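Asks: This structure is in structure tokens; I'll ask about it shortly.
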Amino acid sequence: MTIRVLVAEDQAAVRAALVMILRAEPEFEVVGQAADGEEAVRLALELRPDVVLMDVQMPRLDGVSATREVVAAGAAQVLVLTTFDLDEYVYGALRAGASGFLLKDLEADTLIEGIRTVARGDGMLAPSVTKRLIGTFARPGRPAGPEARAAVAALTGREREVLACIGAGMSNGEIADRLEMAEATTKTHVSRILAKLRLRSRVQAAILAQDLGPDG
């Protein structure tokens with residue numbers, strides 16, 4: 001199955017390198033390129049790619065705002081690219097519905113696997129900083145509101161267990177092993193959790209789980 005990708009990056013050299021990597025893979029089709037956030041949104045709405053590779057800092061419209069518009073329109077999954085320094089821009093992109101983020105100094109294989117993962121509807125966070133990201137931005141002081149707590153309380157016991165595992169940064173396979181159930185069952189639970197909590201991505205679920213704290 002072909003995965004259609006839109007590359008949004010304001011630095012021409014970086015954008016060209018990303019496109020070159022993707023075009024070397026038969027399963028990927030680069031359907032468009034954007035040099036700023038406004039162009040990224042316009043092309044995403046027009047082309048409806050499977051995945052948008054979105055730089056965080058771009059002219060005219062930043063990557064956070066662009067991500068919010070793309071996701072709200074249901075135009076594509078968004079995989080954010082960022083520099084090593086994590087900041088509120090990255091957190092804001094995840095809050096806006098991005099399916100995850102990767103660092104710009106990544107290996108080509110990591111980029112390829114990240115796009116595949118996001119295209120499947122799973123979350124993708126740079127492994128080296130997953131816990132750092134959640135620990136930094138979803139710590140006490142960002143408590144979940146009463147509406148979120150009520151929605152989580154309405155989940156089944158098993159769904160709350162799965163949500164806690166998501167918050168710990170565990171993959172579907174790891175959750176299945178931890179809770180002793182089939183991976184397909186795990187995927188079903190994750191889909192139901194997102195639907196019940198009205199979340200756009202697995203990453204948002206992870207952040208919410210951290211916001212709730214150990215007592216849920």
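The values are calculated or read from the model by the stated rules, or taken from the named source; none is laboratory data. From a predicted model like this one, the values you see are computed outputs, not experimental measurements. No Cβ is skipped: glycine too gets one built from the backbone with ideal geometry, and neighbour counts run over all protein chains shown. The protein model used for the area step is the full one, side chains on, heavy atoms only, and it has no ligands, DNA or RNA in it. Shrake-Rupley method; radii C 1.70, N 1.55, O 1.52, S 1.80 Å.
Asks: Can you tell me which residue in the stretch 103-129 is nearest to T186 (Cα to Cα), limited to those that are at pLDDT below 85 and among the aliphatic types (A, V, I, L, M)?
Replies: In this case the residue turns out to be M124.
Asks: Given (1) modelled with pLDDT under 85; (2) open to solvent by 20 Å² or more (accessible area, probe 1.4 Å), identify the lone condition not met by L133.
Replies: Among (1) modelled with pLDDT under 85; (2) open to solvent by 20 Å² or more (accessible area, probe 1.4 Å), L133 violates only (2).
Asks: Report yes if V7 is at pLDDT 95 or above and buried (at least 21 other Cβ atoms within 10 Å of the Cβ), otherwise no.
Replies: On the way: at pLDDT 95 or above: yes; buried (at least 21 other Cβ atoms within 10 Å of the Cβ): yes.
So V7 passes the test.
Asks: Only one of these conditions is not met by R4: (1) in contact with a Phe, Trp or Tyr (Cβ under 9 Å, 6 or more places away or on another chain); (2) over 18 Å from A76 (Cβ atoms). Which number is it?
Replies: (2)
Asks: I need a count of the residues in the stretch 172-183 that are open to solvent by 40 Å² or more (accessible area, probe 1.4 Å) and in contact (Cβ under 8 Å) with a residue 12 or more places away in the chain. First the steps, then the outcome.
Replies: Pass one, the stretch 172-183, residues open to solvent by 40 Å² or more (accessible area, probe 1.4 Å): 174, 177-178, 180, 182-183.
Applying the additional criterion that residues be in contact (Cβ under 8 Å) with a residue 12 or more places away in the chain yields 178.
Final tally of qualifying residues: 1.
Asks: Separate question: Hey, among the residues in the stretch 171-187 that are at pLDDT 85 or above and among the polar types (S, T, N, Q), which one's farthest from G121 (Cα to Cα)?
Replies: T185
Asks: Considering only residues that are open to solvent by 60 Å² or more (accessible area, probe 1.4 Å) and under 12 Å from A93 (Cβ atoms), which ones fall in the stretch 23-68?
Replies: Q57, R68
Asks: Got at least one residue in the stretch 45-57 being modelled with pLDDT under 95 and of a type in the set (D, E)?
Replies: The answer is yes, given that some residue of the stretch 45-57 is modelled with pLDDT under 95 and of a type in the set (D, E).
Asks: Report, ordered by the first and then the second residue, all pairs with beta carbons closer than 9 Å, sequence separation of six or more or different chains, a first member in the stretch 41-57 that is closer than 13 Å to E69 by Cβ, and a second member that is among the acidic types (D, E) and open to solvent by less than 60 Å² (accessible area, probe 1.4 Å).
Replies: M54/E9
Asks: Here is a follow-up. Restricting to the stretch 137-162, and then to whatever is closer than 20 Å to G92 by Cα, in contact with a helix residue (DSSP H, G or I) (Cβ under 8 Å, 6 or more places away or on another chain) and not small (G, A, S), can you tell me which residue is modelled with the highest pLDDT?
Replies: The selected residue is P143.
Asks: Can E29 be described as under 23 Å from G121 (Cα atoms), touching a residue at least 40 places away in the same chain (Cβ under 8 Å) and more than 13 Å from the chain's Cα centre (by Cα)? Don't jump to the end; show me each part of the working.
Replies: Values: under 23 Å from G121 (Cα atoms): yes; touching a residue at least 40 places away in the same chain (Cβ under 8 Å): no; more than 13 Å from the chain's Cα centre (by Cα): yes.
Spelling it out, it is not the case that E29 is under 23 Å from G121 (Cα atoms), touching a residue at least 40 places away in the same chain (Cβ under 8 Å) and more than 13 Å from the chain's Cα centre (by Cα).
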